[in-house]
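The values are calculated or read from the model by the stated rules, or taken from the named source; none is laboratory data. Owing to the predicted nature of the structure, the values given are computational and were not obtained by experimental measurement. Cβ placement follows ideal geometry from the backbone for every residue including glycine, while neighbour counts extend to all protein chains displayed.
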Amino acid sequence: MTMMKQQQIIKVSSKDLPLSCPRPGDEAWNMHPRVFLPLKGTDDVAVCPYCGASYRLSDEE
């Protein structure tokens, strides 16, 4: 049996919009084609279709 690793939600600010994955500064081994992810509000979670990274818009700067 394998256990799935729980992925953290990455908080981003309005300065990070438009949001794309992979983000600047991600490690080169973890790269995939860049995709833009829509975030409609602070309750919305965007998930990258390539790596599964989850992003949420945060009010905090």
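Couple of notes before you dig in:
- Close pairs from the stretch 35-61: first closer than 13 Å to residue 16 by Cα, partner among the aromatic types (Phe, Trp, Tyr) and modelled with pLDDT of 95 or more, Cβ under 9 Å, at least 6 apart: 37/55; 39/55
- Strands (runs of 3 or more DSSP E) wholly inside the chain that include at least 1 residues being of a type in the set (A, V, I, L, M, F, W, C) and modelled with pLDDT under 85: none
- Every residue from the stretch 20-51 that is under 17 Å from residue 9 (Cβ atoms), loosely packed, with under 10 Cβ neighbours inside 10 Å and small (Gly, Ala, Ser): 41
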